[in-house]
Amino acid sequence: MDIPLIGSRGALWLVSELHLFLAAFILGAPIFIVVCEYLGHRSGDYRYERLAKEMMRVTAIAYSFTAITGGIFAFILWTSYQSFSQFLFEKFGPAWMIYIGLIVLEVILMYVYYYSWEPWKDRKMLHIGVGVALNVVGTVVMFIINGIGAYMLTPTEEALNWWQMLNNDSWSGLNLHRFIANITFGGFIAGLFGAFMFLFSRSEKEKAFYDWMAYIGTLIGVGSLMTLPLAGYIYAKELFLYSATISTFQMADRLAPFFVMQGFLITFIFTGVIFYIWTSIRRIEGAERFHRYRTPIFTAVVLFGTLWITPANMLPDMVTDPEALGIPVGAVIIPERMAALSLMMPKALAVTGILIVTFLTYMIYLRALKTGRITWGSIAPQAQYSLIAVGALIIYLMGLMGAIRELSRDDWHVAMQIRDMSPYWWVPPLAHTATMTAIATILFFAVMAFIFWVGFLLGRKEEVEQ
Amino acid sequence: MKPELKPTAMLKHPIAVAVYLLLFLWVVAPLVPEETGLQLGLGYRLFYTFFVLFGVAVIMLNRMSPVRHLASQGATLGAIALVFVLTLALPTLIAQVYPYPKGSVPQPGEGEVEELSPAELGKKLFFGEGDLQPSCSLCHRWEGKGGTRGPELTNVKDVAGSRKPGVSAEEYLRNHILKGSAYHTVEGFPPLMPPYEGNITEEQLDAIMALLLGEGGE
């Protein structure tokens, strides 16, 4: 069965991305929710407790949406890709059963954790223990579905059972990358939530809390984002060791422009984060002497970003002949003496440079804090708008990278084993992929905005009335 | 005189630095001889221009005075949605222009490709020399060249009229291109034909039809 207007692949694409955004959030957020609850318990700072509790409220509502989108995803997969769905269910039978059983357990733990917050306030370590169990189960759920997703790209040859299929060559790389990415995602969505609530806050007390919350969420997001390039390299190395063809297809053929876009997005994200930190420094009284570093820092991050993204050529694949299209070769291929800029070594150095500049900016922020005085809630609203922009870019980046992983299989459902025999077997160009990702990102934002509104802005009115 | 108005201070202003860099990219760089191996092509000059503008925009935005904290909830939501959508628009627009400038696709009646007949243009599109994705030749052959997922199309005009009762060759081919396998699948081949509706311009469709049916559609 084909889906009208957007086709089966388009529908599956949008729903699966929406489902994965929500799933990443409900898996990533509880990790730092538990950490924040523990920090609040140890330090006695009530703000950590409130942050954890409010994020858990958002997460609990997000669970329902994750289930709904998961159901629609499974429905489209069943109806539009029947033989392939049957293959997955037959071959991974026991894995699916464990997966479903653990999801049920995860939901039970989530409800116990959420609703026992007040009743167990005097048994804090027990409550935190439930939170830890929730995270462990959630992570195993993710590992199982990662195994099935990873199998589609790097299937185990001559696998005898479901475990050997699950334990394929890129499973651990994908697990590591997604685990860290989910924490990053959860952190930035908490930052997005803090920014959203700050902008809607009217009292100074509320502004102060959400200003601080946006800061903590962003700090966690950036901290884990800085370790992601290494996890990405490990994952890419596993793919390369499995088949150099995949890497060539990704980095030097049809998907090469997609990685240029990845570079753009990560440069924008780090620039946005540095923008936020500098706006934070501006509101610290007595920190004016640090302002002179601002322009060199922005210049450095944009320069490193430019160096990173500079492509060897701007061709959409390895076979296109620009001269046949009337485009001079020199217009789309890097000059000979600059070719070294397009190699991996300068690019790795450039990425390292971006990380160092971000770290330096944070060090400057800490120094400014020592010499000056911060008033939470006094930050300029543009800092919060920058976090909303960073949130948009993080969601978009995750959607794009997901598309890259899926499209790396070219016209195969399972690489070199099951060919995609649908009308949508072909690898779409970057332009189409970017549009689809933007639509999925907007859908996710709409869902999250609804959750923030229904969970907090409506509720807040009731609290005021009470 | 205020310090920021001093000529030396003006020269260090981010906008001034951006102007120097753009002058270098667009006035000096094209003069570099090709044999030096350092001549930046148009694509790269546009690429670096973007980063110069992006850098200066970020620095200037960060120097702005604090904006107003909006009073109404509707305006706040509107501002948040606007920032979100505009942020997404930036990479999405870059992606639209990045792989190939759309304007590079030869169109009938445009500049040097004016002499191309519709069938000649159709042949270029058939073999992927344009932005038609995926190109026909990924699956079909023309005069022995191309893929084998779908049927050979060199003589399709002779058989297309008998594929569906009461449907002419022209109508059949046009519908098949627009609706893909959902319209019809030739026996012995898998249902792989994607629907091109919304992904092909009228001119491109006419050009491919001219190729498939013979010049002029006779």
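Since every read-out is calculated from the coordinates, none of them should be taken as a lab result. What you are looking at is a predicted structure, and each value in this text was computed from that prediction instead of being measured. Here the Cβ is made from the backbone with ideal geometry for all residues, glycine too, and neighbour counts use every protein chain on show.
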Out of B:GLN96, A:PHE259, A:GLY186 - ranked by how far each Cα lies towards the positive end of the dipole of the protein assembly as shown, with unit charges on the beta-carbon of charged residues - the top one is A:GLY186
Selection from A:TRP426, A:ALA348, A:MET401, by position along the positive dipole direction of the stretch A:314-466 (Cβ): A:ALA348
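Step by step: find N for the stretch A:233-303, compute 2.2 N^0.38 Å, then divide the Cα radius of gyration by it. What's the final number? Write down the numbers at each step before the final one.
On the way: Rg = 18.7 Å, N = 71, 2.2 N^0.38 = 11.1 Å.
The reported ratio for this selection is 1.68.
Please report, in debye to the nearest 20, how large the charge dipole of chain A is about its Cα centre when each Lys and Arg carries +1 at its beta carbon and each Asp and Glu carries -1 there.
Numbers: 31 positive and 31 negative charges, 354 e Å.
The calculated dipole for chain A is roughly 1700 debye.
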Checking rank on A:133-142, A:398-407, A:201-210, with mean other Cβ inside 10 Å and highest first, the result is A:398-407, A:133-142, A:201-210
Net charge around A:PRO381, counting only other residues with Cβ within less than 12 Å of its Cβ (Lys, Arg = +1; Asp, Glu = -1)? +2
Restricting things to alpha carbons, tell me how big the stretch A:313-466 is in terms of Rg and Dmax, in Å. 23.5, 73
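Can you give the alpha-carbon Rg of chain B over 2.2 N^0.38 Å, where N counts its residues? All intermediate terms of the calculation are to be shown ahead of the outcome.
Details: Rg = 26.6 Å, N = 218, 2.2 N^0.38 = 17.0 Å.
The value comes to 1.56.
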Shielding by partners - mean other protein chain Cβ count within 10 Å, residues of A:389-400: 3
Between A:ILE418 and residues 5 or more places away or on another chain, which pairs have amide H atoms under 5 Å apart, with H built 1.01 Å from N, and which residues are they? A:HIS413
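Residues of A:246-258, mean number of Cβ from any other protein chain within 10 Å of their own Cβ, rounded to a whole number?
1
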Summed residue charge, Cβ within 15 Å of A:GLU157's Cβ, Lys/Arg positive, Asp/Glu negative: -1
How long are the three semi-axes of the equivalent ellipsoid for the stretch B:14-81, computed from the Cα gyration tensor as the root of 5 times each eigenvalue, in whole Å, largest first? 40, 14, 6
All other residues with a Cβ under 15 Å from the Cβ of A:ALA440 taken together, and with Lys, Arg as +1 and Asp, Glu as -1, what is their net charge? 0
Treating only the Cβ atoms of Lys and Arg (+1) and Asp and Glu (-1) as charged, compute the dipole magnitude of the stretch A:236-390 about its Cα centre; round to the nearest 20 debye. 1040 debye
FRET efficiency for A:PHE75 and A:TRP412, using Cβ-Cβ distance with R0 set to 22 Å, rounded to 0.05: 0.40
According to the Kirkwood expression over distinct Cα-Cα pairs, how big is the hydrodynamic radius of the stretch A:198-273, in Å? 15.3 Å
With a 32 Å threshold on alpha-carbon distance, the violating pairs from A:LYS237/B:LYS179; A:LYS347/B:LYS12; A:LYS347/A:LYS370 are A:LYS237/B:LYS179; A:LYS347/A:LYS370
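Defining a contact as two alpha carbons under 8 Å apart and six or more residues distant in sequence, what relative contact order in percent does chain A show?
Numbers: 562 pairs, mean separation 90.6, N = 466.
It comes to 19 percent, rounded to a whole number.
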Give, in whole angstrom and from largest to smallest, the semi-axes √(5λ) of the equivalent ellipsoid of the stretch A:7-86, with λ running over the eigenvalues of the Cα gyration tensor. 37, 10, 8
Once you average over the residues of A:223-236, how many Cβ atoms of partner chains fall within 10 Å of each Cβ? 0
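Please give the charge dipole size of the stretch A:112-179, origin at the Cα centre, charges +1 on K and R Cβ atoms and -1 on D and E Cβ atoms. Round to the nearest 20 debye.
Around 420 debye, computed over the stretch A:112-179.
Considering every pair of different Cα atoms, what Kirkwood radius, in Å, is found for chain A?
Working: mean 1/r = 0.0420 Å⁻¹.
Computed over Cα pairs of chain A, the Kirkwood hydrodynamic radius comes out at 23.8 Å.
When you count, for each residue, the other Cβ atoms within 10 Å and take the mean per peptide, how do A:17-29, A:279-291 rank with the highest first? Show your work: numbers first, answer last.
Numbers: A:17-29: 25.0, A:279-291: 17.1.
Packing order, densest peptide first, comes out as A:17-29, A:279-291.
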If unit charges are put on Cβ atoms (+1 for Lys and Arg, -1 for Asp and Glu) and the dipole of the protein assembly as shown is taken about its Cα centre, the option from A:THR79, B:THR49, A:TYR38 lying farthest towards the positive end turns out to be A:TYR38
Please list 3J(HN,Hα) in residue order for the stretch A:336-348, calculated via the Karplus relation 6.51 cos²θ - 1.76 cosθ + 1.60 where θ = phi - 60°; whole Hz, with x for glycine and proline. 3, 7, 9, 4, 4, 5, 8, 7, 5, 4, x, 5, 5
Let me know the Rg and Dmax you get for the stretch A:146-245 when you use only its Cα atoms, in Å. 19.4, 64
